[in-house]
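> Please read through the structure below; I'll follow up with questions.
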Amino acid sequence: MHVAVVGGGVSGAVAAYRLRAALGDGATITIFEATDLLGGKLRAAEVGGVRYDVGAEAFLARRPEGVALAAELGLELVHPTGAKSTVRAGGRLTRLPGGTLMGIPGSPDAVADVLSPGARARVAAEPDLPPLTLNDDIALGALLRERFGDELVDRLVDPLLGGVYAGGADGLGLRATVPALAAALDRGATSLTAAAAGLIPDKPSSAPVFGTLPGGLGTLVERLVELAKPDVRTGAPVTGLQRREEGWRLGVGAEVVDVDAVLLAVPAPAARRLLDGVVPAASAALGEIDLASMAVVAMALPPGTELPDASGVLIGARERRASGQPFAAKAFTFSSRKWSHLDAGPVLVRGSVGRFREPGALHRDDDELVRLVRADLAELTGITVEPVDVAVQRWGGGLPQYGPGHLDLVDRAERAVADVPGLALAGAALHGVGVPACIATATAAAARVTSHLVP
């Protein structure tokens, strides 16, 4: 048997690992990766002599897939320190409030510190508005602005969503981005406040929210590939896909490769191109998924540089410097505060840049991008010291946008592919952008391929 895994990010690596476990050593598994490196958005760079994540830096530990896979692979998992997150709201820094669901409050008191008196009154009045009835999926931002006003969205919800999707609430769908809230409304909650309150525990859980690997998240992919033992072909973009009477034919540049099954673990635009003419309905559905670009500016500051007593700061799109200019960054992570394994040696800070349809500073070259991010850091923290090392990692089209109707698009694509033997989909465009969700889609896709090859 020969299985082609197209895409060498975490989804492709998990798929190859699961396929090897199911099919045994006799199967040939080939990973085709268009770039020169495996890992996708899990990537580390040497910054100040330290291996430092310049893509995803953590995963949600309250979903089981990431924690379980790390244990299965024998990888050490570490969790954040007790440092708290902050947000720049209304021109000042404040502690990121608890008592919310992705910024949606379970009570007006939960968000009192980040809102003006008028906005607090809007939040307090939301339960008395006409009861909500939710039919089709809608834009999260439009719903929140109608019920709570603009300020809650701009100061709190957008910064939180920007860290996950590199997009704001106005372009994201309720059902895909906050499914628990949509389910509460479907069950009969008559206000957003009531729906959120029913989902927020009375006592915060002591279980860690996030986890990572001390050597960087890229070690997850390295370990998966080590155990899967696939044939790895980097710098090998798959440009064509055809069904054969038995199996599939891939075009890899000028080369033709025949295989028994194909697992696509690539971004939506690449999957759309490959499925066009093969599974047109899936191609059309995936073609409607937008992507956002972003960049990470990783800085190693001199040892002893004093960071704020926080894990980082989120910055709303409408926040401004004292000069009136917008911030280039949408967030900073004070990694040496957030992670105990990074608290020795140079002081590590990440600045994240880029929002969907608001590229802003992404148009600048690397030197100018670093200058702007350093100016933001100075304004927010007073830190003006020259970094001892800097790395810039750009992620063009790196994050899929879960717009209104996203679940329907994915359902259409998956139902169309389900009718085609020996073909499966995985990746961040489907059921979640985080590492655990990618693990879940890759595991399901590998099982689908295995059931075709070994009935």
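> Per residue, how big is the convex hull around the C-alpha atoms of the range 99-196? Give it to me in cubic angstrom, could you?
Values: hull volume 8.0 nm³, N = 98.
In the range 99-196, the Cα hull volume divided by residue count equals 82 Å³.
> At 0.36 nm per residue, minus the direct Cα-Cα distance, what do A281 and A378 gain on full extension? Give it in nm, one decimal, please. Walk me through the intermediate numbers first.
Working: separation 97, 0.36 × 97 = 34.92 nm, distance 5.00 nm.
Extra length from A281 to A378 when fully extended: 29.9 nm.
> Return the loop-located trypsin sites (Lys or Arg not before Pro) in the range 248-337 (DSSP other than H, G, I, E, B) with at most 13 other Cβ atoms within 10 Å of their own Cβ; answer none if there are none. Let's see the in-between values first.
Numbers: sites: R249, R272, R273, R318, R320, R321, K330, R337; in loops: R318, R321.
Qualifying residues, ordered by number: none.
> Further question on the same structure: Express the relative contact order of the range 99-196 as a whole percentage, based on alpha carbon pairs under 8 Å and six or more residues apart in sequence. Kindly include the intermediate steps, with their values, before the conclusion.
Working: 131 pairs, mean separation 36.2, N = 98.
Taking the mean separation of contacting Cα pairs over the length of the range 99-196, I get 37 percent.
> Another question, then. Express in nm, to one decimal, how much length is gained between D366 and D343 on full extension, taking 0.36 nm for each residue of separation and deducting their alpha carbon distance. Intermediate results must be reported in sequence, preceding the final value.
Values: separation 23, 0.36 × 23 = 8.28 nm, distance 2.66 nm.
Extra length available between D366 and D343 comes to 5.6 nm.
> On to the next question. Sort the following peptides by mean Cβ neighbour count (other Cβ atoms within 10 Å, averaged over residues), highest first: 369-381, 158-170. Kindly include the intermediate steps, with their values, before the conclusion.
On the way: 369-381: 20.0, 158-170: 23.3.
Descending packing order for the listed peptides: 158-170, 369-381.
> Would you please give the residues with an amide H less than 5 Å from that of V252, counting only those at least 5 places away or on a separate chain, with H modeled from the backbone geometry?
Close amide H contacts, sequence-distant or interchain: T239, V257.
> So if I take the centroid of the Cα atoms in the range 1-71 and the same for the range 238-284, what is the distance between those two points in Å?
The distance from the Cα centre of the range 1-71 to that of the range 238-284 comes to 20 Å.
> Compute the distance in nm between two label points, each set 7 Å from the Cα along the Cα-to-Cβ direction, one at A112 and one at H452.
That separation, rounded to one decimal, is 5.8 nm.
> Would you compute, for the Cα atoms of the range 347-446, the largest minus smallest coordinate along each principal axis and list the three values in descending order, in whole Å?
Principal-axis extents of the range 347-446 (Cα, largest first): 58, 27, 22 Å.
> Which of the aspartates and glutamates could be linked to K41 by a straight reach, that is with a Cα gap under 14 Å, when you skip same-chain ones fewer than 8 residues away?
K41 reaches E33, D53, E57, E222.
> E226 versus E306, label points 7 Å from Cα toward the beta carbon: distance in nm?
4.2
> Which ³J(HN,Hα) values in Hz, rounded to whole numbers, follow from the phi angles of the range 328-337 under the Karplus curve 6.51 cos²θ - 1.76 cosθ + 1.60, where θ = phi - 60° and Gly and Pro get x?
My calculation for the range 328-337 gives 6, 7, 9, 6, 10, 10, 8, 4, 5, 8 Hz in order.
> Oh, and also: From the mean inverse distance of alpha carbon pairs (Kirkwood) and the Cα radius of gyration, derive Rg over Rh for the chain.
Here Rg/Rh amounts to 0.98.
> Something else about it: Give the peptides 104-116, 15-27 in descending order of average Cβ contacts within 10 Å, highest first. It would help to have the intermediate numbers written out before the result.
On the way: 104-116: 20.7, 15-27: 18.9.
In decreasing order of mean packing, 104-116, 15-27 become 104-116, 15-27.
> Right, here's the next one. Using 1/(1 + (r/R0)^6) with R0 = 25 angstrom and r between the beta carbons of R63 and D408, what's the FRET efficiency to the nearest 0.05? List each step's numbers first, then the result.
Details: r = 23 Å, r/R0 = 0.92.
That gives a FRET efficiency of 0.60.
> I'd like the distance between the alpha-carbon centres of the range 397-455 and the range 138-169, rounded to an integer number of Å.
A separation of 27 Å, based on Cα centres.
> K84: which lysines have alpha carbons under 21 Å from its alpha carbon, excluding same-chain residues fewer than 8 sequence positions away?
K203, K330, K338
> Given points 7 Å out from each Cα along the Cα-Cβ axis, report the A21 to H2 separation in nanometres with one decimal.
For A21 paired with H2, the spin-label model returns 2.7 nm.
> Mind pulling the angle between the C-alpha long axis of helix 64-73 and the longest principal axis of the chain? Nearest 10 degrees, somewhere in 0 to 90.
Helix 64-73 sits roughly 60 degrees off the main axis of the chain.
> In addition: Taking a spot 7 Å from the Cα of D186 along the direction of its beta carbon, which residues of the range 391-412 have an amide N less than 20 Å from it?
Once the point is set 7 Å along Cα→Cβ of D186, 402-412 turn out to lie under 20 Å by backbone N, inside the range 391-412.
Throughout, read-outs are computed from the coordinates displayed, never taken from laboratory work. Treat the numbers as computed from the prediction; the structure is a model and nothing was measured. Don't worry about glycine lacking a Cβ; one is built from the backbone with ideal geometry, like all the others, and counts go over all protein chains shown.
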